[in-house]
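Note sheet for the following structure.
The values are calculated or read from the model by the stated rules, or taken from the named source; none is laboratory data. In this text the structure is predicted, and so the values were computed from the model without any measurement. Don't worry about glycine lacking a Cβ; one is built from the backbone with ideal geometry, like all the others, and counts go over all protein chains shown. The protein model used for the area step is the full one, side chains on, heavy atoms only, and it has no ligands, DNA or RNA in it. Shrake-Rupley method; radii C 1.70, N 1.55, O 1.52, S 1.80 Å.
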Amino acid sequence: MRPNGLKLYATCAGLTLAVLAPVLMPGYVLVYDMVFTPRQPLNAVAFGLSEALPRAVPVDAVVALATLVVPGQLVQKLALAAIFFVGALGAGKLVPTDKTGVRIVAAVAYTWNAYVAERLFLGHWTLLLGYAALPWVAMAGLRMRANEPRAWTRLVLTMLPAVLSAPGGLLALGTALATAGRRKVLPVLGIGVVLNAPWWVPSLLHSGLSDPAGVTAFSARAENWGGPVLSVLGLGGVWNGEVVPISRTNPVLPVITVVLTVAALLGLRELARRMPATRNLTILGAIGVLLAVIATLPGGATAMTAAIEHVPGAGLLRDGQKWVAWWALPFAIGLAVITERLNARMLVAVLLMGLLPDLAWGGFGRLEPVDYPADWARVRELLDDQPGDVAVLPLSAFRRFDWNDRRTQLDPAPRYLPGTTVADDALSVGGRLIAGEDPRAARLRAHDYTGISWVLVEYGTPGRADENLLKRLEKVYDGPELALYKVPGVPPAAPNGPPVAPVVLAWIAAGSLICVSLLWRRLLVGRFAPPQREE
Amino acid sequence: MGVVVVLLVVLAGVGVAGGVGAIVVNQNHPDRVVELQQQAEPEVIDYGSR
């Protein structure tokens, strides 16, 4: 490794530790959508084979497989560390320069920003894994554009962290298309379609539509007097004001955002002379910004509402700020290139960090590992090898437990207990209810417990369990945190999800492509390919 | 030597970030949000608010 390469690696490690040092302590970080458990169940839901829309497919299946061999908390720490280390390193390596300081600016700009902070505090770790993969996908796309042999295998492998989630998969596909160029559209599309098949195939097999109320609830938000457009241009603007770092309300920030955006655009103009596809990446960034703010523009919310009401899968667009990831990459590398002529590049990197001080140290208490109370392991033991689905009360998608410092967190039951767990999936945003997408949860809300064999009651969180219902059930376990009831005489529920065969085929197709890529790169098969130009 | 300088600069950055962050967070007293939530816990917990 060259000495200047060592500096970049050291910076990436430093950035990772600066954010995640408290997270690396033993325990699980449970905040908003981020749920990890000691051993996640490998069930039909994890593969999108339930009645609910497959929103956490294939990541749930991959995490379940990983926790078969590695404890869940280690999986979580590795995933979070990869977001920062891999993302920063990729951004640094993407910049065509011989100055390590420039690479370091790109690394800092790409990982120490509002997008990463807000999505991390909202628990969107799968989206951020996809974000971290984007620079690597761009590098693989550029190799494909240059007709390098076996470049497609690199594209397949770099897209893997991104295709764990639907938005990540689409972000990676867009980046790959932008960098590989027009002549490689078909192979890139083919790779994208096959790798993303584990989530889009079960999604197509569901007929559910999302609640259009989510359009305004999840639209980009103004973080300061600059309004939503400047918030988004500065890589912020997530819908949930509770996860926005306080430093984003800095009154000088809109001005700084304009300065940094102009600097990044000037840098991109310089970069276009050295790196092909710079223009495409910039256009993709502009599309990302447009998708992010569209619901806040005149007529935009109406158009999106119509799309979500009538087009299955259009619900993906409702939290539009996530597409700003497409702007983050050209922003970071453009900003880095413009610092090439400066002597004080390190100062720029430090200033970028200084603009968002509250990302450091796990957001100063936002991300803190905790242990599950012993009741959870006890109930899991009781339910091991027991047939039947579990309903969870109180009916609420989110929880606030004392043992997690009353942080808002997704109900961990579906990912902690074996078998299939039915939990409420309706979302409340500022007191306004957005309908869920799981028909079984809707039946629970209507007090219809058909097909439910067990009822789990979680204590110490807002909401009530129906006492009249519980009186009719047989109490199997009663602890300080959880109670488990058996529903007498109810047979185990029959699976009622989409047909299995297309979903299995989707997994086989994606798995086969990954295996062929690995074989082509590493084993004898690849040697039949023409020699590489450079590696 | 170069690596050391970089590490020192990164550490300085983290220090600045950490120091300013601690002050900002302390000034804004984040526990106040939790206290308000506890005063009036709703039946259904908000995913978030705008």
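In percent, what relative contact order does chain A have, based on Cα pairs under 8 Å that are 6 or more apart in sequence?
Relative contact order of chain A: 21 percent.
Per residue of A:431-438, count partner chain C-beta atoms within 10 Å of its C-beta, then hand back the mean as an integer.
1
Given H placed 1.01 Å from N in the peptide plane, which residues other than close sequence neighbours of residue A:32 have an amide H under 5 Å from its amide H?
Sorted by chain and number, the residues that satisfy this are A:408, A:409, A:410.
Could you run the Karplus curve 6.51 cos²θ - 1.76 cosθ + 1.60 with θ = phi - 60° over region A:391-398 and give me ³J(HN,Hα) per residue in whole Hz, x for Gly and Pro?
Once θ is set to phi - 60°, the couplings for region A:391-398 become 9, 10, 10, x, 6, 6, 5, 10 Hz.
Would you tell me the accessible area of residue A:425, worked out with a 1.4 angstrom probe on the heavy atoms of the protein chains, in Å² to the nearest 10?
My reading of the accessible area for residue A:425 is about 40 Å².
Mind checking region A:214-304 for chymotrypsin sites (Phe, Trp or Tyr not before Pro) that DSSP puts in a loop (not H, G, I, E or B) and that have at most 15 other Cβ atoms within 10 Å?
A:225
For region A:374-486, give me the percentage of DSSP beta bridges that are antiparallel, rounded to the nearest 5 percent.
65
Averaged over peptide A:358-365, how many Cβ atoms belonging to another chain are found within 10 Å of each residue's Cβ?
The mean count of partner-chain Cβ atoms within 10 Å per residue comes to 5.
Which peptide among A:245-254, A:16-25 comes first, and what is the full order, when sorted by highest mean count of other Cβ atoms within 10 Å?
The peptides rank, most packed first, as A:16-25, A:245-254.
In terms of modelled amide H atoms, which long-range or inter-chain residues lie less than 5 Å from the amide H of residue A:434?
So residue A:434 has HN proximity to A:427, A:428, A:429.
Given the pairs A:93/A:184; A:77/A:471; A:184/A:322; A:93/A:322; A:77/A:322, which are separated by over 32 angstrom at their Cα positions?
Distance filter (> 32 Å) returns A:77/A:471.
Other chains near A:377-389: what is the mean number of their Cβ atoms within 10 Å of each residue's Cβ?
Per residue, the number of nearby Cβ atoms from other chains is 0 on average.
Where both partners of a DSSP beta bridge lie in the protein assembly as shown, what percent of those bridges are antiparallel, to the nearest 5?
Taking every DSSP beta bridge within the protein assembly as shown, about 65 percent pair in antiparallel fashion.
Given H placed 1.01 Å from N in the peptide plane, which residues other than close sequence neighbours of residue A:389 have an amide H under 5 Å from its amide H?
Close amide H contacts, sequence-distant or interchain: A:453, A:454, A:493.
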